[in-house]
Every structure is written in structure tokens, then in C-alpha cells.
1. On the Cα set of chain B, report Rg and Dmax in Å, please.
2. Counting only other chains, what is the mean number of Cβ atoms within 10 angstrom of the Cβ of each residue in peptide A:101-108?
3. Given R₀ = 25 Å, what would the calculated FRET efficiency be for B:VAL229 paired with B:TYR33, taking r from the Cβ atoms and rounding to 0.05?
4. Out of residues 5 or more away from A:ALA216 or on other chains, whose amide H comes under 5 Å of its own, with H placed 1.01 Å from N in the peptide plane?
5. Summing -39500 (n - 2.57) over the DSSP H runs of n ≥ 4 in chain A and dividing by its residue number, what mean residue ellipticity at 222 nm do you reach, to the nearest 500 deg cm²/dmol?
6. Using the Cα gyration tensor of segment B:162-254, with a ≥ b ≥ c the square roots of its eigenvalues, what is the shape: rounded (a/c below 1.5), prolate (a/b larger than b/c) or oblate (neither)?
7. Gaussian network model of chain B, Cα springs within a sub-10 Å range: biggest mean-square fluctuation belongs to which of B:LEU145, B:LEU207, B:LEU180?
8. Among B:ALA158, B:ALA44, B:ALA222, determine the one that fluctuates most according to a GNM of chain B built with springs between C-alpha atoms less than 10 Å apart.
Amino acid sequence: MPVPIELRAVSHAYKTDSGPLPVLRDLNIKMAEGSFTAVVGPSGCGKSTLTRLIAGLMRPDEGQVWLGGEIVTSPRATVGMAFQNPVLLEWRSILQNVMLPLEIVKNKLSKSQREDRARQLLALVGLEGFEDKRPSELSGGMRQRASLCRSIVHRPQVLILDEPFGALDAFTREDLWQTMHDLRSEEPFTCLLITHDLRESVFLADEVVVLSGRPATAQYKLTVDLGDNRKIDDLYTAKAVDMLATLRHQIEVAQGRAPAEAAE
Amino acid sequence: MKIFRKIAVPILAILIFLALWEWLVWFNNWPNYKMASPSDLWPAFWRFRWLFLEYGWQTLWRTVAGLGLAVVVGTLIGMVMGFSRTVREGLYPLLVGFNAIPKATVVPVIALIFVGQHDMNTILIAFMISFFPIAVSVSIGLSTLEPEYRDILRSLGASQFIVFWKIALPKTLPEFFGALKVAVTLAFIGTNLMEIVEPHGKGLGHLFDSGKINADYPLMFAVLIALAVLGILLFYIVVALEKVFAGWAERTAH
Ligand SMILES: Nc1ncnc2c1ncn2[C@@H]1O[C@H](COP(=O)(O)OP(=O)(O)OP(=O)(O)O)[C@@H](O)[C@H]1O
Ligand SMILES: [Mg+2]
């Protein structure tokens, strides 16, 4: 079985008016089938750039992005994406919004099968009864749930989430973490989550990658062995508190606010 | 209640306006060569009712043709400007300059280029005066599309055209209709400008002109009213189209 996502020595720079801006440098990340990886790092270090490279929306200057055993050169239908902004289309109902990828991606589903699939996902995230509402009639958390449904409706192998819960209040965010767990137990995707919330990364991920400041490289990797079926309370166990402290320290190193040698 | 507010209230407003007008003329005892009163207008209408119909139709179809041209060309210009920054920056000064030229000065030029082709002249002026807001609104709508909107489809391998068709175009419709409401009035002004400045015996502008020549002041006022009615008609057709195609935008406002 090929590794679903692998970044090999990826470097990338943006061309700006004041010369090239190196954003990623020699970045190596490997994600196993069905795993959940969270990426944290200082603001502006290149996390969104990383997602765009994996999605094939851009090609790296150097190195390769491998997806399901092939080098990524362009976007592919086996990827799903969701962002901090839920970007729902206001002229469509929630149901039609969720069905959007099925209109693009080739599939053998009939109209009613597509609808069933979308309805089933919406029910899974607790949006039953809101199928015919407009996005503007939903709360921020509900919109983000709908956006999550849209990102996986076409059964992608790889799900890329760029700070999807970043704009939500703390309570809603924790609700959505639970929703992510529920989705994951139903849908077999490999997930890459960008976040700036360390608790979120520990709660959701099997592995957390800390990126250094720009140009970003994988500065630290942490395996989160808290088992499946995590509860919010698990974040307050000694083990989790320890991991959070380690990650917090690594972020400070990445920001250049703490010396590196204390890390190990 | 809603129907009452949408229909009865505007009609009432118009009636009050007419009553005030009538009263003002009567109170000041103005002769009709200074200011015609609404009660003078109806006889003028009735006397020339067939001319009003015929000329009104001429004005109307040429305005709509000019506007149609403006929609097609304006949308195309807006699209290339919206998608390419180079084109946008290259075309902007040209468009602004073109738009700034008073169209009254263009009328004789156009009339000279297309001597005798009156319909064409008129349509062209209506087009020239009204395409600018459409082009600008479409280009702004497309160029300000947040990258995430593109990315949700592009990341699935959708083509540029699909992104345009499923997202950029519908998302731009509210701005487009906003511009169309401005453009419809402008096109109307353009048509009448041609008909009055460069008379060629057609349209309501011509009727206005003959009223002027014959010192038939009630007729001139009647033409103005007819123009206003046509303007209102066209405007509300656009509003109805907007409701059908971009009604969702209204709901978000609440
Ligand atoms: N299209 C672009 N052209 C030029 N520079 C860019 C472009 N996109 C991003 N950058 C720059 O590259 C750097 C990394 O951007 P990126 O969006 O990947 O960061 P990020 O880690 O996602 O930031 P945040 O935590 O704020 O979301 C930033 O300094 C940004 O200014
Ligand atoms: Mg980002």
C-alpha cells in the first residue's frame, strides 16, 4: 500500500516585488493510510502554502508531493478541502452546497443517490432538518459543519483542513472536534489538519508536526498516543498536559522566543 | 399588506404628486407655455395617441437593443478585466476616458460616421452611454472573488470555465443587476439624446422636438411624462429579472 501523502524535500518560494520569499525549506512529512496529522506553526510560516501544494493548486519549486503513489502535478478529485471561511454558496440551499463536489467529480451516482449521500452526511454532523435552509440562515458553527460535509461528500482519500475551526468560539469548537471524531469513524480518509490550537491538535491527531518559522521546515514531530475515542477530559490527563507543554515549547522555539537546545 | 405597500403606496404617491403639480400651476396662475399642468397633458396625449404609441415603440426598442449590446459587450469586457490583472490595468484608463466624454458631443460624430442609418446611430449611443457600469461591476465582481471560492472547485480539478459558471458568475449577479439598473436609465437617456440632438423623425425625442417647434408646450410635457413612464417600465422589468436570477442576495440582507 503506497503512503497516501508524502512530502519529499519540498521547498517553495513566492515571487514578490521585493524578490523571492522562501516559505518552505526542505520539508519532509509522511502520512500513513487513514492517519490524522495536525500541523502547527507560527503565523505566516507557510501552513496554507503547504495545503495548496498537497492539493496540487501549486507546484513546489523543489522536491515532490506524493499522493497515493503518484507525484502531484495538478489538482485531483481524490482530495477534499475545507477552510477557515466555510465559503458556502449563498444562492444554493445547504443540501445543494454539500452536493456541489458531486457535480464536478466523475461518479456513477444517480441524482437521488447523491442527495441521499448528502443528507446522510448532514445528519451525521447534526444538520438534519436544515437541508433546505440557505447558508445565511445558519450559525457559524453550523456553516462549518456543512462545509465539512461538502469536503468529504465525494469520498476523498485525503482531507485537507486549513484552520476550519479557527473562527469559532471555544464551545462550538469543542463540539466540532467531536463531530470530526464521528466523521472519522464513518469515513475512511487520511486527514491533514492545519491549526493554531495545540489542544485541538492533541485531541484530534495521531501525529503533530511543528513547523519552524519561515522558511518552514519540520522542526518537531510528536506522536499522540491517547488512543481512539478521546474525550475532552483526556486533555487534562498528565500525559496530555505533558504533550501540550512540549508543543508549546516547540512553538516558542519556532517563534524564536526560546532557545532550541532545551527542546530534547 | 405587502401588495398594498408595493402597489397602492407608489400609486398614491404619484397621485399626490400630480395633485400638487396641478395645484401649483393653478395657484400661481401660470400660463401653459410656462408650465403645463397635468390636466393639460391628457388632451395632448389623446390628440397624438397614435404618434405616442408609434414613437414610444421606436424609442423603446432602440433603447432595449442598445442596452442588450451593452450587456453583451460590457460583460465580455468585464470578464477579461476580471480575470486578467494586466488587461484590467491596461483598459481602465481607456474606459474611464471614454466614459468621461460627454455623449452629446459624440452624437454628431456618430451621425456623420453612419449617415442616414438612424436606428444604428441611436442604438450605438444608447450602448456607449450604458456599457460602462456593467463592465466595471462585472470586472470588480470577478476580481474580488475570494480565492477560497475558486479553490473549493479547483482543488477537485474543475476547469476555469466550470469555476466561472458555477461560482464566479452567480456570485457576480447581484452587482451585475445593480449596474443594469443604472445602465437601463442611461441607455434611455442615450436614445433620447440622439433623437433630440440629431433629429431624424423618429422616437419620442422627435415628438418632443416638434412640440418645441410648434410651441405646443403641453405636448412637450406629455412627452416628458411618456418618457418617465417608459423609464419606469424598463426599470421594473430589470427589477423583476433581478428577483428571478439574484433574489437570494436580497434574503441575505435581512
Ligand atoms: N500568493 C502569494 N504571493 C506572495 N506571498 C505569499 C502568497 N501567499 C502567501 N504569501 C506569503 O507567504 C507566507 C506564508 O503564507 P501562508 O498563507 O502559507 O502562511 P500560514 O502559515 O498559512 O499563515 P497563517 O497562520 O496566518 O494562516 C506569508 O508570509 C505570506 O505573506
Ligand atoms: Mg493560513
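1. 22.0, 75
2. 3
3. So, using R0 = 25 Å, E works out to roughly 0.60.
4. Result for A:ALA216 returns A:LEU24, A:ARG25.
5. Value at 222 nm, helices only, nearest 500: -10500 deg cm²/dmol.
6. Cα axes put segment B:162-254 in the prolate bin.
7. Of B:LEU145, B:LEU207, B:LEU180, the Gaussian network model singles out B:LEU145 as fluctuating most.
8. Residue with maximal mean-square fluctuation among B:ALA158, B:ALA44, B:ALA222: B:ALA158.
The values are calculated or read from the model by the stated rules, or taken from the named source; none is laboratory data. Small disclaimer: the values here were computed from a predicted structure and weren't measured. For neighbour counting, all protein chains shown are included, and Cβ atoms are generated from backbone atoms with ideal geometry for every residue, glycine included. Calculation scope for accessible area: heavy atoms of the full protein, side chains included, ligands and nucleic acids excluded. Shrake-Rupley method; radii C 1.70, N 1.55, O 1.52, S 1.80 Å.
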